[in-house]
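Chemist: Mind having a look at this structure? Questions to follow.
Since every read-out is calculated from the coordinates, none of them should be taken as a lab result. Nothing here was measured: the structure is a model prediction, and the numbers come from that model. With ideal geometry, Cβ positions are generated from the backbone for all residues, glycine too; neighbour counts draw on all protein chains shown.
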Amino acid sequence: MSKTAMRASQKDFESALSQVKRLKDPGNEVKLKLYALYKQATEGPCNTPKPGVFDLINKAKWDAWNALGSLPKETARQNYVDLVSGLSSSSDSSSQVKPEADRKQPGYETLVVTSEDSITKIMMNRPAKKNAITIQMYNEIMLALKAASKDDSAITVLTGNGDYYSSGNDLSNFTDIPPEGIEEKAKSSAILLRDFVDCFIDFPKPLIAVVNGPAVGISVTILGLFDTVYASSRATFHTPFSHLGQSPEGCSSYTFPKIMGPAKAAEMLIFGKKLTAAEACAQGLVTEVFPDSTFQKEVWTRLKAYSKLPPNAMRISKQVIRNREKEKLRAINAEESRALQERWLSDECTNAVMNFLTRKAKL
Ligand SMILES: CCCCCCCCCCC/C=C/C(=O)SCCNC(=O)CCNC(=O)[C@H](O)C(C)(C)COP(=O)(O)OP(=O)(O)OC[C@H]1O[C@@H](n2cnc3c(N)ncnc32)[C@H](O)[C@@H]1OP(=O)(O)O
């Protein structure tokens, strides 16, 4: 016999009434349906005067009840019991946490991308190489950001797997030279870099960096394009561009002086001064530092709460902040990428990269 063909007893109805109090908040639309069915089941068709237009809540309740017209009390009672039973079973199944492997989005080799609780998490996943960013990883991060910009998540997070957030550009990117020669490689890499950074400039939703450990190079510079940066007390922030014969990217030549003042920015970007998490926070690059022992727990509790805020309001707020600077940031990105295209062809850069790859130097 189908559920609707059964007649809910007064006992079923009372048990649904107590069950509803234990449910996870089902949202306003369902709450209105429950209210209307309850009133219809207990009092019959709507019999109160329509509230005034400014009495928004009572008017919505009245409208929902009134919309049930002359639905018989018994049917309303049955519909109430059915609705609560549906909500209980879906809330039971959603409270079972699926293992990460089941939630993982397919199609990425260097990342683990998951969406849960209105949060899309993009995790760099080359822990054995300190999450160094290969050409494939640049491309996959761009794909993941584009997908996250269109999915139904409210916020997006970038983080790293293992003990590092990221050691920046994978220096073996310099070894894979195509038959067309190093100049062509430098040219295509400058386009890749520009497109990569543009994805961060244009990202339309709140973007949060969860810096789980040390960060080097481009993984540090793009932090200036995030809306929020949470760091473990174990994290460090290092941009050794001069040591590598290179120059800043990720719009850091503009965002860093703006965030921390020109003197502090120069120490990082020209002289490669490494900052602790506490120093990066004092200088405004990091939003908040959490003790490493409680980092993941505290940060994700915070993010889950933020992800429940109205998503459209958050998106519009971000866009209002970002739009004012977008054109400027794009121009700076293009200029930094052009400068690097030349740097990559310099002896200073070639020697530094070779020193690392032949293990004569470590930062
Ligand atoms: C012709 C032009 C082509 C260019 C293409 C460019 C595309 C866009 C570029 C955008 C510009 C970006 C700039 C930057 O990001 S600059 C910063 C670059 N990063 C570094 O210089 C860091 C180098 N790594 C280190 O100094 C150390 O590894 C580190 C301090 C990070 C960790 O040291 P530790 O002792 O703890 O660990 P290991 O060194 O043993 O590392 C473990 C393994 O991981 C490998 N590794 C780590 N980082 C990198 C890296 N950045 N690139 C390549 N490989 C890396 C390391 O070699 C170890 O591997 P093995 O276990 O196989 O030895």
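Chemist: Taking the stretch 123-167 only, how many residues are of a type in the set (S, T, N, Q), within 14 Å of the ligand (Cβ to nearest atom) and assigned to a loop (DSSP other than H, G, I, E, B)?
Modeler: Summing the residues that are of a type in the set (S, T, N, Q), within 14 Å of the ligand (Cβ to nearest atom) and assigned to a loop (DSSP other than H, G, I, E, B) in the stretch 123-167 gives 5.
Chemist: Another question, if that's okay. Could you check the stretch 175-219 and list, in sequence order, the residues that are part of a loop (DSSP other than H, G, I, E, B), more than 9 Å from the ligand (Cβ to nearest atom) and in contact with a Phe, Trp or Tyr (Cβ under 8 Å, 6 or more places away or on another chain)?
Modeler: Hits for the stretch 175-219 are Pro206, Asn212, Gly213.
Chemist: Given the criteria hydroxyl-bearing (Ser, Thr, Tyr), in contact with a Ser or Thr (Cβ under 9 Å, 6 or more places away or on another chain) and closer than 16 Å to Asn131 by Cβ, does Thr159 qualify?
Modeler: Considered against the rule, which asks whether it is hydroxyl-bearing (Ser, Thr, Tyr), in contact with a Ser or Thr (Cβ under 9 Å, 6 or more places away or on another chain) and closer than 16 Å to Asn131 by Cβ, Thr159 comes out as no.
Chemist: Just to be sure I understand the filter: pairs with C-beta atoms under 7 Å, separated by 6 or more residues or on different chains, first member in the stretch 345-360 and of a type in the set (Ser, Thr, Tyr), second member within 11 Å of the ligand (Cβ to nearest atom). Which pairs pass?
Modeler: Ser346/Gly245
Chemist: Follow-up. For the stretch 311-363, which positions are under 23 Å from Ile191 (Cα atoms), within 16 Å of the ligand (Cβ to nearest atom) and not in a helix (DSSP H, G or I)?
Modeler: Trp344, Leu345, Ser346
Chemist: Wholly within the stretch 241-304, which helices (runs of 4 or more DSSP H) include no fewer than the required count, namely at least 2 residues that are more than 25 Å from Lys328 (Cβ to Cβ)?
Modeler: Output list reads 277-282.
Chemist: Scan the stretch 36-53 residue by residue and report those that are more than 15 Å from Lys73 (Cβ to Cβ) and either exposed (fewer than 15 other Cβ atoms within 10 Å of the Cβ) or polar (S, T, N, Q) (or both).
Modeler: Thr48, Pro49, Lys50, Gly52, Val53
Chemist: So, one more: For residues that are in contact with a helix residue (DSSP H, G or I) (Cβ under 7 Å, 6 or more places away or on another chain) and outside any helix (DSSP H, G or I), tally how many sit in the stretch 25-39.
Modeler: Qualifying residue count, the stretch 25-39: 1.
Chemist: Out of curiosity, is Ala282 more than 25 Å from the chain's Cα centre (by Cα) and either free of Cβ contacts under 8 Å to residues at least 40 places away in the same chain or within 17 Å of Arg234 (Cα to Cα) (or both)?
Modeler: no
Chemist: Can I ask one more? Against the conditions (1) under 23 Å from the mean Cα position of the chain (by Cα); (2) near the ligand (Cβ under 6 Å from one of its atoms), where does Ser172 fall short? Just the number, please.
Modeler: (1)
Chemist: List the pairs whose first member sits in the stretch 136-160 and is free of Cβ contacts under 8 Å to residues at least 40 places away in the same chain, whose second member is small (Gly, Ala, Ser) and more than 12 Å from the ligand (Cβ to nearest atom), and whose Cβ atoms are under 7 Å apart, counting only residues at least 6 apart or on separate chains?
Modeler: Partner pairs satisfying both residue conditions: Asp151/Ser115.
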